[in-house]
Amino acid sequence: MANPNKTRGTAWESAVRNFLNAFLGLVDNNGVFLDPFDGMNVRRPAQEGARDIGDVHAAPFILECKDVRSPAVPTWIRQAKVEAVHAGFPYGVVVHKRRGLGVRSGRVHFDVRTWTRTRTALGLSSRAMFERYGFAASLRGLDSGRWYLTTDVERFAALLGDMRAGVTGRAAR
């Protein structure tokens, strides 16, 4: 019998990948890549063992996907950042499944530094970033290493599309 936690995690990773590919228009109505050789396709890479390279590659992001009941977001974010380095990608974020809701309602968590670097790459002010992509902040306590910002998968997909299109603050307003 297969490990049910691994099966659930794999299903969540696949759902995230499929949603992002469909949202970005990279697949046809049957979920088949329009161009299978396009480096912008969102993919689930093979596991790399000790030097894990993340669950889903959505250039320029590595997604660490979590389908668990009890969140440990700061720990997961640290894991995503390490995996992004291993994979050679600039950004690592966490995608956490919300029980009983579809993939578009999943939560995408950014550490403050990754959020700031993403905002700067898009040429947006903090206010514009919050308004456009619906971020909420979790800035509890004095340890800034535990602070993070969150949006949903659907708004993250829009952010990903804008990053790939090279949208700047002027064009995004």
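The values are calculated or read from the model by the stated rules, or taken from the named source; none is laboratory data. Predicted model, so just to flag it, every value in this text is computed and none were measured. We place every Cβ from the backbone using ideal geometry, glycine too, and count neighbours over all the protein chains shown. For accessibility, only protein heavy atoms count, side chains too; no ligands or nucleic acids. Shrake-Rupley method; radii C 1.70, N 1.55, O 1.52, S 1.80 Å.
Taking the stretch 19-67 as the search range and keeping residues that are assigned to a helix (DSSP H, G or I) and in contact (Cβ under 8 Å) with a residue 24 or more places away in the chain, which one is most open to solvent (accessible area, probe 1.4 Å)?
Restricting to residues being assigned to a helix (DSSP H, G or I) and in contact (Cβ under 8 Å) with a residue 24 or more places away in the chain, the top hit is 23.
Answer with yes or no whether residue 99 is at pLDDT below 95 and either closer than 21 Å to residue 12 by Cα or surrounded by fewer than 17 Cβ atoms within 10 Å (Cβ to Cβ) (or both).
On the way: at pLDDT below 95: yes; either closer than 21 Å to residue 12 by Cα or surrounded by fewer than 17 Cβ atoms within 10 Å (Cβ to Cβ) (or both): yes.
In short, yes.
Within the stretch 110-123, which residues are of a type outside the set (Gly, Ala, Ser) and open to solvent by 10 Å² or more (accessible area, probe 1.4 Å)? Please lay out each step first, then the result.
Of all residues in the stretch 110-123, those of a type outside the set (Gly, Ala, Ser) come to 110-120, 122.
Result: 111, 112, 113, 115, 116, 117, 119, 120.
Which residue out of 120, 116, 150 is under 22 Å from residue 16 (Cβ atoms) and either in contact with a Lys or Arg (Cβ under 7 Å, 6 or more places away or on another chain) or not acidic (Asp, Glu) (or both)?
None of the others qualify; the one that does is 150.
Sort out which residues of the stretch 127-144 are touching a residue at least 40 places away in the same chain (Cβ under 8 Å) and open to solvent by less than 50 Å² (accessible area, probe 1.4 Å), and write them in order of number.
128, 138 - these are the residues of the stretch 127-144 that are touching a residue at least 40 places away in the same chain (Cβ under 8 Å) and open to solvent by less than 50 Å² (accessible area, probe 1.4 Å).
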